[in-house]
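Participant: Questions regarding the structure given below will be posed in turn.
The values are calculated or read from the model by the stated rules, or taken from the named source; none is laboratory data. Please read these numbers as outputs of a predicted model, since none were measured by experiment. FYI the Cβ positions are ideal-geometry reconstructions off the backbone, even for glycines, and counts take in every protein chain you see. Ligands, DNA and RNA are stripped out before the accessible areas are found, and what is left, the full protein with its side chains, is counted by its heavy atoms. Shrake-Rupley method; radii C 1.70, N 1.55, O 1.52, S 1.80 Å.
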Amino acid sequence: MTSRIPRDSRLRLVRPRPLAAAPRAVNQRRPSRPAPRPPEGTPAPAELARMARTGLAGPVRVARWADAALGPGSDGATADGKATLSESTARRAAADLGLSLAQVRADWDTARLAGLVEVHGDSARPGWRLRAWDRDDSAVLRGWVALFDAWSLAHPEHEEHEPAAVAEVVSAMPQLLSFLQLSAGPVPVEQLLDLLQQRVTELRTERCEVPYEPGTEQPAGAPGPAEPAPAADAPLDPLLDWALKALASVGALTYGAGQATLTPLGSWAVWVKLEQICVAAQSPAGNIEQSAEDMLRGCAQLRPNAARAEYRAWLAARPVGSAVTQLIDAARGEDALLRGLAFEALRVVGAPAEPDVRAVVVEPALRPYALLWLAEHDGVDPEDAHEALTRDEATWLWVDTAAAVADHGEAPMLVRHLEAAVQPTVPQLLDEVRAVGHPRTVQVLVALAAAHPDPALAKAVRRAAFQVHTGG
């Protein structure tokens, strides 16, 4: 890049990088926290996945029947806009599969909770987990954990139970599950009931914001003593019985003979949840409570490994679906650096983000990032993922990355960014940059001209910027 004749200036060919160069230019360091290991005696992931496949064989069968028998564009499969099987479809499935109508509906509901069937608007379609079910153990385990998280929906409570009391029991169950996991064996139901009563009492105490002792004068304007909640009189025994049966129905524990025991899958899932809490508590930069955009801005100056730790902490603190939506919304903004960082965070999300990433391929500003993400997700080496882009898409990405460097990096970094261009010469690069129509083209070329030490090359770049600005 030292020639003073622009037409002869050769760019050293290197593979383009999918993220803005600013965070990539920093040396990477090994993470300080080793990968956590599950408790001793936990089966290997392949064995856990085999257990999950066995437990979800029925829902998988019904979901695959729907995929094959109904096909895309079929009408009448669902009746209420919530992907509940219509009467005619359920009867057809029962006849084809040799199942009772109740079993078909139960398996269909379980398939929805496990992500084997996804609801989009007023229709349902096969989820990505169903496509990957036989080949991807992680997809199977994610599906089972999704069902585990929805245990209270998988086995609804009786109508006679007080809703407020049900909500308290659902809130208290994580503590009981942690106790079962630590016990690593059968636990008497009486002991669980005692623990549940203690936890529910704590929850009710926490809701009492202004303690008021009888016989003392109440401050003016202060709220009076809270009326006893109807849930306070609800017996917890039947609610605990319901909760344990619901958890048993999804395969998280065994329940009978007056005691409960976590299954290997249940024990592993509780450990996973505890690990997520620990990760969230170890946020290196304290961005967990921030919006996606503010979190990404906070990560812009972090080293790559530290940024990934921050992404994991931020993701662990919120539902995956809403997190992915927030990240993609942040990527749609004007800051190109946040666009690249958003897709780096989506790489941490992994497979659950695939449908949303695939959906934004039609958006010109996000298309190159989405294509690179999908190529890497499909197993392409990151160094070769750029081959999924057309020449125009690669050029657009080069300009977008250059905009991120111009806004957030240093002049030498922008000069080095020339090496990532797919064009072999500077004149070719300038011609194609002008042609792709990136909204930041003029600013990028002006910044590059100001930063480059070669006067002749800088003059050619300034001329190109002027021509883009004037439409020439």
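Participant: Which ³J(HN,Hα) values in Hz, rounded to whole numbers, follow from the phi angles of region 433-443 under the Karplus curve 6.51 cos²θ - 1.76 cosθ + 1.60, where θ = phi - 60° and Gly and Pro get x?
Facilitator: Values per residue, Gly and Pro as x: 5, 5, 6, 6, x, 5, x, 9, 4, 4, 4 Hz.
Participant: 5 Å is the cut-off here: which amide hydrogens, built 1.01 Å from N in the peptide plane, fall below it relative to LEU253, excluding neighbours closer than 5 in sequence?
Facilitator: ALA248, THR263
Participant: Still on this structure, I have one more. So between LYS245 and ASP392, what do we pick up on full extension, going 0.36 nm a residue minus the alpha carbon distance?
Facilitator: Fully extending the segment from LYS245 to ASP392 adds 47.2 nm.
Participant: Sort 372-383, 342-353, 323-334 by packing, meaning the average of other beta carbons within 10 Å per residue, with the highest value first.
Facilitator: On the way: 372-383: 15.3, 342-353: 21.2, 323-334: 19.0.
Answer by packing, highest mean first, reads 342-353, 323-334, 372-383.
Participant: Which FRET efficiency value, to the nearest 0.05, is calculated for VAL170 and HIS469 with the Förster distance at 45 angstrom and r the Cβ-Cβ distance? Mind dumping the intermediate values first?
Facilitator: Working: r = 60 Å, r/R0 = 1.34.
Given R0 = 45 Å and the Cβ-Cβ separation, E is 0.15.
Participant: Of ALA420, PHE466, ALA394, which is farthest along the charge dipole of region 345-472 in the positive direction, counting Lys and Arg as +1 and Asp and Glu as -1 at C-beta?
Facilitator: PHE466
Participant: Rounded to the nearest 0.05, what FRET efficiency do ARG204 and LEU374 give with R0 = 60 Å and r taken as the Cβ-Cβ distance? Could you check? Don't skip to the answer; put the middle values down first.
Facilitator: Details: r = 49 Å, r/R0 = 0.81.
Once the sixth-power term is evaluated, E becomes 0.75.
Participant: Given H placed on each backbone N at 1.01 Å, which residues far from GLN259 in sequence or on other chains put an amide H within less than 5 Å of it?
Facilitator: VAL189
Participant: Keeping all protein chains in position, work out how much accessible area LYS273 exposes to a 1.4 Å probe, and write it in Å² to the nearest 10.
Facilitator: 50 Å²
Participant: Between GLU363 and GLN103, take the C-beta separation as r, use R0 = 51 Å, and let me know the FRET efficiency to the nearest 0.05. Walk me through the numbers before you get to the answer.
Facilitator: On the way: r = 42 Å, r/R0 = 0.83.
Efficiency at R0 = 51 Å is approximately 0.75.
Participant: What accessible area, in Å² to the nearest ten, does a 1.4 Å probe give for THR205?
Facilitator: 90 Å²
Participant: Under a Cβ-Cβ cut-off of 11 Å, what is the net charge of the residues other than ASP149 that fall near it, where Lys and Arg count +1 and Asp and Glu count -1? Please list the in-between numbers first.
Facilitator: Working: positive: ARG142, LYS273; negative: none.
Computed value for this residue: +2.
Participant: Can you list residues whose amide H is under 5 Å from VAL117's amide H, if they're 5+ apart or on another chain and H is modeled 1.01 Å from N?
Facilitator: ARG112, GLY127
Participant: Quick one: dipole size for region 315-467, taken about the Cα centre, charges +1 on Lys/Arg Cβ and -1 on Asp/Glu Cβ, in debye to the nearest 20.
Facilitator: Numbers: 13 positive and 22 negative charges, 117 e Å.
It works out to roughly 560 debye.
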